[in-house]
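Here the structure comes first, spelled out in structure tokens, and everything after it is commentary.
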Amino acid sequence: MADEKFPGWHGTTIIGVRRGGEVVVAGDGQVSLGQTVIKGSARKVRRISPGGHDVVVGFAGSTADAFTLLERLEKKLEAAPGQLQRACVELAKDWRTDKYLKNLEAMLIVTDGDQMYVITGAGDVLEPEFDIAAIGSGGNFALAAARGLMETEMPAEEIARKAMTIASDICVYTNGNLTVEKISK
């Protein structure tokens, strides 16, 4: 079992917020091994541009697994330029059925500024409700905070940053060292 070999990697909160024609994806920088913070400045939100179309991806889980999935997503987007939903569905199908990929432990938030999806290894490609997606160990805290903040007039970036601050105050596996990417359609 993976739990016997690895003592418990934790440490990520990623949030995506859509408002006013833009999507902001923010992620913290903490990586923990058990009770120890081993890195505080990891970059878990990235912009990719396969086929000249900008896409922002935030990932939670094993970094090597997430990078493997990110490379696969780029290939899917190159094969279907501008078709984010199709690329996400194809990645999820591969992830669920491929002998190697099905062992990967990560989750992704993916957006092109218009569409936003959460992709899981269970084959899920989920469009978030309320224009907010959150994953990782502090994801539920950030999600709850952002849902409350959506009732204000704050722009997407401010909501994402404030929600991440709240999550980092509550979740010991989340810090305030943020990477933020904004994308518009």
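Look at (1) modelled with pLDDT of 90 or more; (2) more than 24 Å from H53 (Cα to Cα); (3) among the small types (G, A, S); (4) out of contact with any strand residue (DSSP E or B) (no Cβ under 7 Å at 6 or more places or on another chain) and you find that G138 fails only one, number (4). Can you pull out every residue in the range 93-111 that is crowded, with 22+ Cβ neighbours inside 10 Å and under 15 Å from the mean Cα position of the chain (by Cα)? Passing the criteria: A106, M107, L108, I109, V110, T111. Scanning the range 20-54 for residues that are closer than 30 Å to E151 by Cβ, among the basic types (K, R) and either crowded, with 20+ Cβ neighbours inside 10 Å or without any contact (Cβ under 8 Å) to a residue 40 or more places away in the chain (or both) yields one hit, K44.
Take A133 and tell me if it is closer than 18 Å to A66 by Cα, crowded, with 16+ Cβ neighbours inside 10 Å and in contact with a Lys or Arg (Cβ under 6 Å, 6 or more places away or on another chain). In short, no. Among the residues of the range 142-156, is there at least one that is within 13 Å of the chain's Cα centre (by Cα), in a strand (DSSP E or B) and not aromatic (F, W, Y)? No: zero hits. Within the range 157-172, if we keep just the residues that are more than 22 Å from Y117 (Cβ to Cβ), part of a helix (DSSP H, G or I) and of a type in the set (A, V, I, L, M), the residue that is nearest to the chain's Cα centre (by Cα) turns out to be I166.
The values are calculated or read from the model by the stated rules, or taken from the named source; none is laboratory data. What you see is a predicted model, and the numbers here were worked out from it, not measured in a lab. Don't worry about glycine lacking a Cβ; one is built from the backbone with ideal geometry, like all the others, and counts go over all protein chains shown.
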